[in-house]
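Just so you know, all these numbers are worked out from the coordinates, no wet-lab data involved. Only a predicted model underlies this, so the values are computations on that prediction, with no experimental measurement involved. In this analysis, Cβ positions are derived from the backbone assuming ideal geometry, glycine residues included, and neighbour counts consider all displayed protein chains.
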Amino acid sequence: MNSALQIAVAYLQSQDIKCKVLDRGDAFRVGFNGFKNLQNMEIIVIFDDNNRTMGLRSYSYMKVPEGKLPQIYAVCSKMNQEFRWVKFYVDDKDSTVTLADDAVIDASNCGPEIYELIMRMAGIADDAYPEFMKAVWA
């Protein structure tokens, strides 16, 4: 198992955040619920083999309803301008919105940094959700 992954999981668990290491061994997932706007979300934290870089992904943030793709592209663009810590994009394979963030880390002390990135992504996801719902229901 990746050493940065082990350090990050240990730190998150010390903060009472439950993590599930994925079978592939280079990633773990964290689930959240009880947001102000968003019901729940899952964030996958993926580590590169070099122990110096990692990425956060929230796949399937929302399903893009048929006929709403142009509106959702516009909201993704607006959110990308508003929130610099998270990138929003439409995954064309399954018509879902994905959230992404990448970072360079110091593997020996990456726990607090990854905690901060996860919490930022979760907060931004919650803050952005009403904009996506406006586009869907307009």
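Tabulated data for the structure shown
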item: Lysines with Cα under 30 Å of residue 68, excluding same-chain neighbours fewer than 8 positions away; result: 36, 78, 87, 93, 134
item: Lys, Arg +1 and Asp, Glu -1 on Cβ, resulting dipole of the chain about Cα centre, debye, nearest 20; result: 320 debye
item: Additional length obtainable on full extension of the chain from residue 35 to residue 77, 0.36 nm per residue less Cα span; result: 12.8 nm
item: Pairwise FRET efficiency - residue 85 versus residue 138, Cβ, R0 = 30 Å, nearest 0.05; result: 0.70
item: Radius of gyration and Dmax over the Cα atoms of region 72-121, both given in Å; result: 13.2, 40
item: Inter-centroid distance (Cα atoms) of region 71-138 relative to region 1-15, Å; result: 22 Å
item: For region 4-9, 3J(HN,Hα) per residue [Karplus equation, 6.51 cos²θ - 1.76 cosθ + 1.60, θ = phi - 60°, Hz, x = Gly/Pro]; result: 5, 4, 4, 5, 5, 4
item: Fewest-first sequence of 84, 52 by Cβ atoms within 10 Å of each Cβ; result: 84, 52
item: Placed amide H near residue 53: partners under 5 Å, 5+ positions off or other chain; result: 48, 105
item: Between 0 and 90°, nearest 10: helix 69-82 axis offset from the chain longest Cα axis; result: 50 degrees
item: Calculated on alpha-carbon atoms, Rg and Dmax of region 1-93 in Å; result: 15.5, 45
